Amino acid sequence: MFAVKIKEHFSAAHRLQEIGGKCEGLHGHNFMVEVAVESPTLDENGLVIDFRVLKAKTRSLLERLDHTFLNELPMFQGKNPSAENIARYIFQELSREINEGTRRISQVSIWESETSQATFTGPV
């Protein structure tokens with residue numbers, strides 16, 4: 001199995017409701033996003049996916065989240081915009097764009113800080 005990963009980032013604010021503690025208040029993060037794509041085979045160019053394509057599709061998606069109040073976005077209505085739910089959202093959206101043949105998004109990880117990470121691995 002071959003795997004490639006990229007890292008991108010976005011900044012946003014959120015509130016985590018009914019969990020107790022400081023995170024219930026409005027606060028923000030400079031989120032780091034790691035996207036991994038796997039395939040048992042390579043394309044005609046010897047790639048799982050061109051890094052430029054993966055980065056462009058990821059950046060385009062993150063533009064929807066960048067400098068927003070995540071709680072107000074439609075995709076997070078009725079759920080906390082936690083790192084876990086953000087990872088799932090990105091995984092599902094990128095899967096629609098990236099998954100082709102045997103190539104699949106294998107995981108999306110969200111870092112809220114240098115020491116706090118959440119990962120979603122599917123299924124879609």
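Let's see how each residue does on (1) touching a residue at least 24 places away in the same chain (Cβ under 8 Å); (2) farther than 24 Å from residue 118 by Cβ; (3) out of contact with any strand residue (DSSP E or B) (no Cβ under 6 Å at 6 or more places or on another chain):
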site: 23; (1), (2), (3): no, no, yes
site: 28; (1), (2), (3): no, no, no
site: 32; (1), (2), (3): yes, no, no
site: 46; (1), (2), (3): no, yes, yes
site: 50; (1), (2), (3): no, yes, yes
site: 55; (1), (2), (3): yes, no, no
(request) Tell me, yes or no, whether the range 83-92 has at least one residue that is among the basic types (Lys, Arg), in contact (Cβ under 8 Å) with a residue 24 or more places away in the chain and either assigned to a loop (DSSP other than H, G, I, E, B) or under 20 Å from residue 16 (Cβ atoms) (or both). (result) yes
(message) Quick check on my filter: what residues within the range 68-110 are among the hydrophobic types (A, V, I, L, M, F, W, C), under 23 Å from residue 3 (Cα atoms) and surrounded by fewer than 20 Cβ atoms within 10 Å (Cβ to Cβ)?
(response) 98
(request) Just one of (1) within 13 Å of the chain's Cα centre (by Cα); (2) surrounded by 12 or more Cβ atoms within 10 Å (Cβ to Cβ) trips up residue 63, so point out which. (result) (2)
(request) Identify the single condition in (1) among the hydrophobic types (A, V, I, L, M, F, W, C); (2) touching a helix residue (DSSP H, G or I) at 6+ places or on another chain (Cβ under 6 Å); (3) outside any helix (DSSP H, G or I) that residue 75 does not satisfy, given that it satisfies every other one. (result) (3)
(request) Please indicate, with yes or no, whether at least one residue in the range 1-22 is surrounded by 15 or more Cβ atoms within 10 Å (Cβ to Cβ), out of contact with any Pro (no Cβ under 7 Å at 6 or more places or on another chain) and not in a strand (DSSP E or B). (result) yes
(message) Give me the residue from the range 93-124 that is in a strand (DSSP E or B) and among the charged types (D, E, K, R) and, out of that set, nearest to residue 19 (Cα to Cα).
(response) 112
(request) Mind counting the residues in the range 93-118 that are within 16 Å of residue 8 (Cβ to Cβ) and touching a residue at least 40 places away in the same chain (Cβ under 8 Å)? (result) 10
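Readers should treat all values here as calculations from the given coordinates under stated rules, not as data from a laboratory. Being a predicted model, the structure only gives us computed values, none of them experimental. Every residue, glycine among them, receives a Cβ derived from its backbone with ideal geometry; neighbour counts consider all protein chains shown.
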